[in-house]
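What follows draws every value from the coordinates through simple rules; no lab data is involved. Note that this is a predicted model, so its numbers are computed, not measured. Reconstructed Cβ throughout: ideal geometry from the backbone, glycine too, with neighbour counts over all protein chains shown.
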Amino acid sequence: MGGSLSLLMRLQKAFNPTVVAKQDALLQIGILGAAQIAPSAIILPARNHPEVAVAAVACHDKGRGDKFAKANGVPHIYHGSNAYQELLDDSTIDIVYIALPNALHYEWTMKSLKAGKHVLLEKPSANNVEDAKAMFAYAEEKGLVVLEGCHSRFHPAIVRFKSIIDSGKFGKVVSFAGAFRLSKLLGDDDIRFNLSLGGGTLIDLGSYVLALTCYALSSELTGIVQAHADRLSDDPNADTSKIDLRTTATLAFPSDITSSVDADWHKPRYGPFGLLMGMPEASLTCVMEGGEVRLSNYVFPNIWHSLSVTPKGGKKQMEYAYAFEGSPKEQQYWSTYRHQLEAFVDKIKGRQPRNWVTPEESIKIMKWIDKLYENTGLGPRPSTSFVFVK
């Protein structure tokens, strides 16, 4: 009963976080695009953070923007063809949150930085490594913070998972496996499968797997052993032939460690006419000389997750890490996005974040996404025609 009540409380808090009193001199957040992810990723976390407030949203479509603002309590709306730039020209905005299609990340990050704004953008950081390098270099030049939103990196569950590996209790790492698999819910015309917008399953779901694998192993990739992509189309003349519905790979790390990657947007469905979805899978498994540790559900660990630790020849033990040790009780309900916002604001304020995704890490992950796309024959996601002028 206690476990069920705890789960219900976490579900309730996930969608209705405590609204906290705000401090003076708030950092004002502007949102580019009325994206479906924005309420979970920035609006709800901001309500629970004493130092920030969501002040405006920019959306080209007036009807959609008005509906979004009303539903989420956003006080100011920019709409029309110049909406994004008008938000950037607003001198009261300190932070820009970007949840636009991947191909627009480079353009609007550069324009946001030029306007003197800090930037929190959804992963992946860019369409390809060259765009990512330019973005982070310009942020450093401007003295501004840009954070790629690999939100799972900031939750206590992944930190605990890594600490078990780092402890050395179970000896050296032998192998690793990371997966993010979902049944296909989206039509073939969804932006996630549009090459010109930076689509593809590896760059979408696989970016999580690559980033969390490198973080957990405290190591950089050294090579690709093998990789395979299931294409959206077999027509060599169609852009859809360069879109992966699923990419699997075996990667090489130092000390002869190998890691498997499985990024899948078309996990099989079941039942009559395929009406039943397969269970989502978001897992990390590390096999060491003396045992194994597995983290299940790294995407929404605030609602539920499990950490199973199995000593070699021993009994499986279960752990849960909903809050950092010594933190206030309320933090056990924080989402991955709320932990991410805490780190982002700490960085802007000159404080030391508990955890951080460095520009170097984001660039390295983007480099290997490009290499994997090259290895599978699909090629890196193309840059847009946008040319930035300082």
Check: Along the three principal axes, how long is region 4-151 when you take its alpha carbons, biggest first, rounded to the nearest angstrom?
Finding: 48, 31, 31
Notebook entry, point to check: Which value in deg cm²/dmol, rounded to the nearest 500, describes the helix-derived mean residue ellipticity at 222 nm for the chain, given -39,500 (n - 2.57) per DSSP H run of n ≥ 4 and division by the residue count?
Noted result: -8500 deg cm²/dmol
Checklist line | Options Pro156, Asn355, Pro39, ranked by Cα towards positive dipole end of the chain, top entry (Cβ charges) | finding: Pro156
Item checked: Alpha carbon centroid spacing (whole Å) that separates region 322-354 from region 131-160 -> 15
Notebook entry, point to check: Could the peptides 184-190, 105-111 be put in order, highest first, of the mean number of other beta-carbon atoms found within 10 Å of their residues?
Noted result: 105-111, 184-190
Item checked: Given charges at beta-carbon only (K, R positive; D, E negative), |dipole| of the chain in Debye -> 1060
Item checked: Qualifying lysines (Cα of each under 18 Å from Cα of Lys364; at least 8 residues distant if same chain) -> Lys123, Lys133
Next item on the list: Pick out, in residue order, every one of the GluC sites (Glu not before Pro) in region 284-390 that is DSSP loop and has at most 12 other C-beta atoms within 10 Å; say none if there are none.
Entry: Glu289, Glu325
Notebook entry, point to check: So, with +1 on the Cβ of K and R and -1 on the Cβ of D and E, and no other charges, what is the size of the charge dipole of region 4-151 about its Cα centre, to the nearest 20 debye?
Noted result: 560
Note to self: Strictly over 19 Å apart at the Cα level, which of Lys347/Lys367; Lys13/Lys347; Lys347/Lys390; Lys22/Lys349; Lys172/Lys312; Lys169/Lys316 would you flag in this model?
What the structure shows: Lys347/Lys367; Lys13/Lys347; Lys347/Lys390
Notebook entry, point to check: For Ile191 and Lys70, what does the FRET efficiency come to when R0 = 35 Å and r is the distance between their Cβ atoms, rounded to the nearest 0.05?
Noted result: 0.90
Margin query: Taking a ≥ b ≥ c as the square roots of the Cα gyration tensor eigenvalues, with a/c under 1.5 meaning rounded and otherwise prolate when a/b beats b/c, else oblate, which class fits region 138-199?
Written below: oblate
Item checked: Dimensions in Å of region 241-390 - Rg and Dmax from alpha carbons -> 19.8, 61
Item checked: Top positive-direction residue, dipole computed over region 238-311 with Cβ charges, set Pro272, Thr258, Tyr298 -> Pro272
Check: Simple spin-label model, 7 Å along Cα-to-Cβ: Ser327 to Phe273 in nm?
Finding: 4.4
Next item on the list: With a 10 Å radius around each residue's Cβ, average the other Cβ atoms per peptide and rank 22-33, 195-206, highest first.
Entry: 195-206, 22-33
Note to self: Counting each pair of different Cα atoms once, what's the Kirkwood radius of the chain in Å, rounded to one decimal?
What the structure shows: 21.8
Checklist line | Pairwise FRET efficiency - Tyr320 versus Gln12, Cβ, R0 = 22 Å, nearest 0.05 | finding: 0.75
